[in-house]
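Worksheet: the structure to be examined is printed underneath.
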Amino acid sequence: VDTPHGISLQNGTVPGEQGKQNKSVKRGNWGNQIEFVLTSVGYAVGLGNVWRFPYLCYRNGGGAFMFPYFIMLVFCGIPLFFMELSFGQFASQGCLGVWRVSPMFKGVGYGMMVVSTYIGIYYNVVICIAFYYFFVSMTHVLPWTYCSNPWNTPDCVGVLDVNVSSHAALNLTHLLNSTQKRTSPSEEYWRYQGWGWGMGMVVGMVVGSADISLPPRRRYVLDLSDDIGNLGEVRLPLLGCLGVSWVVVFLCLIKGVKSSGKVVYFTATFPYVVLTILFVRGITLEGALTGIMYYLTPQWDKILNAKVWGDAASQIFYSLGCAWGGLITMASYNKFHNNCYRDSIIISITNCATSVYAGFVIFSILGFMANHLGVDVSKVADHGPGLAFVAYPEALTLLPISPLWSILFFFMLILLGLGTQFCLLETLVTAIVDEVGNEWIIRRKTFVTLGVAVAGFLLGVPLTTQAGIYWLLLMDNYAASFSLVVISCIMCVAIMYIYGHRNYFKDIEMMLGFPPPLFFQICWRFISPAIIFFILVFTVIQYRPISYNDYVYPTWAISIGFLMALSSVICIPIYAIYKVCCSEGDTLLERLKNATKASKDWGPALPEHRSGRYAPAFSPSTESHLEVQPLQPEKGRSEAAAAFPVQGSNGSAHSQDSRL
């Protein structure tokens, strides 16, 4: 279509109008907005929604915990989510490229990459364990149903074990409740635990067994060693499942967001189908109401406990994936004028609603199990891997057609994990490709994805050894804990106070057509940074050395954990010092000003969006997006020259003809 000025526009768009030209052909975009929303939901809704939130809720006052949880969502979660989405969408760059806004703080982007690397390594190991349980569930009887397997010990007492008489079982239940914790077949299937004389002798006396001095056997899944330094052998079944996990992730990202955007139609929605199926089945079971009431009954006195507020703030912060770099990366593939304000509210609320919904699914089944055993729900409630691979699988053995429910449950865990893993891998790949930025690497992005996937697989191999679970929990507790809080706090300060809140609000207004609401402006400048600082202080005060059941980590292992945490944070001062040293200026103050000043190429990625202070000093008609075909070449050139003024000293320009 030719305009009166002789400009040929593609796809029928007109100047100043949001049209089909509103995307980057080279870099790629989401096929439509639903793909972005589903991908972000899959990224935010992960394993923590299922295996951490329900446990935190019942431990911190049940329904009373919802109050501080939603307060933190409104004042910290949604504002930070909106900030990261708008940040990435405005610049159309990954977690490294966006720091053209203030180059001295590019170390924040490198810190995000380090965190995403750590999480991506161990997160896929969790997915591979879910794959393993998914495959072994394809049988008539789940292998962790009874205590008659070769790997079981005399300590084992199954809820359906027929080898123990009812009288003996009654006595044993009494002894177990009054002395030590019951050892279930699912627990012995999961991890290594040597046969102890105490419980072995109790079982022997109760069931009348004379042989109580059998040698210890190794368990089935983890084959757990006795120390984090004793790696032992690689568990080949887990190694194979790890390979399957990385192959699936790579194939789904083989064409970047173009392929992953299609996959999320299934991976982001089907978990809700499974949750609903398990919920309907759970609430029909005897004792389910007891479990749900245990989950929801408010204990209002706990609201005054600072730990409850700290847990609420931490859960919101970590659950939404803030400071991982994934939100910035996913938003960078949006069209420039996409309403990310609306998206941030939808995704954040969906994430938190999923956590609450998952609590009903988990505690209905746990209530049924507690009713079957005649114990309190707290005796069977657990969180983390203990819930996903011990407590819940055991509860499923009580259901008719238990393999079917087990297959559905672990398939749901796989999909929840993959949704997060897609974004973690894409974060690293996008950062690398955007940083290099030339045509050669853009065309070979698939090979970059393959290289990152292979590296992730190799780095994950040690986590499939007999000591792998120790290292996995060490990374989970240290690699992505307080470092995320520090990164997020510095990001808020850099955008609001170094780049300037007025500049950022104008950028959002140029992108969305309206400035951020006053509530978000106040949160970004004052409330959210204060809450982030509170989370940091709370994390430090509540710190306890990590342990796994009865195993206490040695000092050297905890030191490695702190080094992993510092490795992401240390990127920030190191790069800042490097940038100041490389900046122009005769004094330190001049160098600091130049290092923090936005670079000339900061702003919208596409020329047609660079208006106002981002308008170029020359006509963008030389770009491939707009083809200039003047009827009178000489006149066309003179008009174009008159329309664009000389660029100012601050890198901005003001056009006299806004229509261009």
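Can we say THR420 is over 30 Å from PRO573 (Cβ atoms), buried (at least 20 other Cβ atoms within 10 Å of the Cβ) and modelled with pLDDT of 95 or more? The answer is no for THR420.
Within region 68-95, if we keep just the residues that are open to solvent by less than 10 Å² (accessible area, probe 1.4 Å) and farther than 23 Å from PHE519 by Cα, the residue that is farthest from the chain's Cα centre (by Cα) turns out to be ALA91. Residues that are open to solvent by less than 10 Å² (accessible area, probe 1.4 Å) and among the acidic types (Asp, Glu): does region 149-159 have at least one? The answer is no; no qualifying residue exists.
Kindly establish whether ILE560 is modelled with pLDDT of 95 or more, under 25 Å from ILE508 (Cβ atoms) and either outside any helix (DSSP H, G or I) or under 29 Å from the mean Cα position of the chain (by Cα) (or both).
Numbers: modelled with pLDDT of 95 or more: yes; under 25 Å from ILE508 (Cβ atoms): no; either outside any helix (DSSP H, G or I) or under 29 Å from the mean Cα position of the chain (by Cα) (or both): yes.
For ILE560, the condition - modelled with pLDDT of 95 or more, under 25 Å from ILE508 (Cβ atoms) and either outside any helix (DSSP H, G or I) or under 29 Å from the mean Cα position of the chain (by Cα) (or both) - is not met.
Contact map, region 406-434: residues that are hydroxyl-bearing (Ser, Thr, Tyr) paired with residues that are buried (at least 24 other Cβ atoms within 10 Å of the Cβ) and in a helix (DSSP H, G or I), Cβ distance under 6 Å, separation 6+ or inter-chain. Pairs shown: SER406/LEU396; THR420/TYR43; THR427/SER116; THR427/GLY326; THR427/THR329; THR430/THR329. Scanning region 224-238 for residues that are closer than 20 Å to ALA130 by Cα, surrounded by fewer than 19 Cβ atoms within 10 Å (Cβ to Cβ) and touching a strand residue (DSSP E or B) at 6+ places or on another chain (Cβ under 9 Å) returns a single hit, VAL234. The residue list ALA312, ALA331, ALA353 contains one member that is within 20 Å of the chain's Cα centre (by Cα), open to solvent by less than 10 Å² (accessible area, probe 1.4 Å) and within 27 Å of PHE538 (Cβ to Cβ), which is ALA312.
Of everything in region 515-568 that is crowded, with 16+ Cβ neighbours inside 10 Å and among the small types (Gly, Ala, Ser), the residue that is farthest from ASN503 (Cα to Cα) is ALA557. Inside region 569-619, residues that are open to solvent by 40 Å² or more (accessible area, probe 1.4 Å), among the hydrophobic types (A, V, I, L, M, F, W, C) and assigned to a helix (DSSP H, G or I) make up a count of 7.
Considering each residue of region 102-120 in turn, at least one proves to be part of a loop (DSSP other than H, G, I, E, B) and farther than 30 Å from VAL244 by Cα. When THR276, THR290 are checked against the criterion of being out of contact with any Gly (no Cβ under 7 Å at 6 or more places or on another chain), assigned to a helix (DSSP H, G or I) and farther than 23 Å from ALA453 by Cβ, a single residue qualifies: THR276. Just one of the listed residues (SER378, SER348, SER355) is modelled with pLDDT under 90, polar (S, T, N, Q) and under 18 Å from PRO54 (Cα atoms), and it is SER378.
Just for helices (runs of 4 or more DSSP H) wholly inside region 342-455: which have at least 1 residues that are under 25 Å from TYR470 (Cα atoms)? In region 342-455, 392-396, 402-436 are the helices (runs of 4 or more DSSP H) which contain 1 or more residues that are under 25 Å from TYR470 (Cα atoms).
The values are calculated or read from the model by the stated rules, or taken from the named source; none is laboratory data. Everything quoted here is computed from the prediction, not taken from an experiment. A quick note on method: Cβ atoms are made from the backbone with ideal geometry, for glycine too, and the neighbour counts reach across all protein chains shown. Accessible surface areas use protein heavy atoms only, side chains included; no ligands, DNA or RNA. Shrake-Rupley method; radii C 1.70, N 1.55, O 1.52, S 1.80 Å.
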